[in-house]
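Structure record follows, encoded as structure tokens.
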Amino acid sequence: NAGVMQNPRHLVRRRGQEARLRCSPMKGHSHVYWYRQLPEEGLKFMVYLQKENIIDESGMPKERFSAEFPKEGPSILRIQQVVRGDSAAYFCASSRPGTGRENEQFFGPGTRLTVL
Amino acid sequence: AQSVSQHNHHVILSEAASLELGCNYSYGGTVNLFWYVQYPGQHLQLLLKYFSGDPLVKGIKGFEAEFIKSKFSFNLRKPSVQWSDTAEYFCAVRSGGYQKVTFGIGTKLQVIP
């Protein structure tokens, strides 16, 4: 049973380019979460999605960042016109529905974005 | 809004020393508490979690944590660390009925052989 998959693992972009980060949740998981880990900081929640719905985007920057989780395919975190400050590790997690003990979030390996 | 404080950002221990990493959270309602570990070059893994019941929770690799509700704390402990425990440790909180998990800033543990 494959875990949460993220690709690419490393992404290098120049300022002004677009970055697309992909996350495939674990089998049977319909909830996806994106977190950002800046250098020397903890993980910060960005957005929580279910299939075709954004449930909570309170941690997303207001501009340039967007996320989707289509009916088919992986979840995508999109960063337009990247700036150096976007350099970070972006982690995706997935879970089954609900908030009980069985709904632990499982994390992917992360995508390390470097903006030159 | 809930928040999580980890007081030790960088800890250096010799092998066989005892470990205690502090974690305090700010939320008055029902909480789920977690400790995650991130080994160098690897992704986050769950060490242990508390949902309800016995406040002393045992996790993998000999780790345990104690939930003290009156102190809003969930400290991580291990009686005798090994070099392989060198990693970054994150405390996290999820408030009851809500999916978002709030993480602490993390504690980097370095164990010297």
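The values are calculated or read from the model by the stated rules, or taken from the named source; none is laboratory data. Because the structure is predicted, anything quoted here is derived from the model rather than measured. Cβ coordinates were reconstructed from backbone atoms using ideal geometry, including for glycine residues, and neighbour counts include every protein chain displayed. These accessible areas exclude ligands, DNA and RNA; they are computed on the full protein's heavy atoms, side chains included. Shrake-Rupley method; radii C 1.70, N 1.55, O 1.52, S 1.80 Å.
Computed on chain A, with alpha-carbon pairs under 8 angstrom and 6+ residues apart, the relative contact order is 36 percent. The label point for B:H9 and the one for B:T30, both projected 7 Å from the Cα toward the Cβ, are 3.6 nm apart. Remark: the protein assembly as shown projects, on average over all directions, an area of 12.6 nm² (convex hull of Cα atoms). On the basis of the beta-carbon distance and an R0 of 41 Å, B:A17 and A:L38 show a calculated FRET efficiency of 0.85. The alpha-carbon of A:K51 sits under 20 angstrom from the alpha-carbons of these aspartates and glutamates, leaving out residues fewer than 8 places away in its chain: A:E68, A:E72, A:E102, A:E104.
Estimate the FRET efficiency between B:Q110 and B:E64 by the formula 1/(1 + (r/R0)^6), using the beta-carbon distance for r and 22 Å for R0, to the nearest 0.05. In this case the efficiency is close to 0.60.
Using Cα pairs closer than 8 Å and at least 6 residues apart in sequence, work out the relative contact order for region A:56-116, in percent. Worked out over region A:56-116, it gives 28 percent.
Given the pairs A:K44/B:K61; A:K27/B:K61; A:K27/A:K71; B:K49/B:K78, which are separated by over 19 angstrom at their Cα positions? In this structure, A:K44/B:K61; A:K27/B:K61 exceed 19 Å between Cα atoms.
The Rg/Rh ratio of chain B, with Rg taken over Cα atoms and Rh as the Kirkwood radius over Cα pairs, comes to 0.96. Scaled against 2.2 N^0.38 Å for its residue count N, the alpha carbon radius of gyration of chain A is 1.01.
When you restrict to C-alpha pairs under 8 Å that are six or more residues apart and normalise by the size of chain B, the relative contact order lands at 38 percent. Here the protein assembly as shown exposes an accessible surface that is 50 percent carbon and sulfur, computed with a 1.4 Å probe and the other protein chains kept in place. Only protein heavy atoms count here; under a 1.4 Å probe, B:H10 has an accessible surface of about 120 Å².
Residues in the protein assembly as shown average 48 Å² of solvent-accessible surface per residue, probe 1.4 Å, ligands and nucleic acids excluded. Using a 1.4 angstrom probe on protein heavy atoms only, the contact between A and B buries about 1900 square angstrom of accessible area, both sides summed. A 1.4 Å probe over all protein chains sorts B:V11, B:V93 by accessible area into B:V11, B:V93, starting with the largest.
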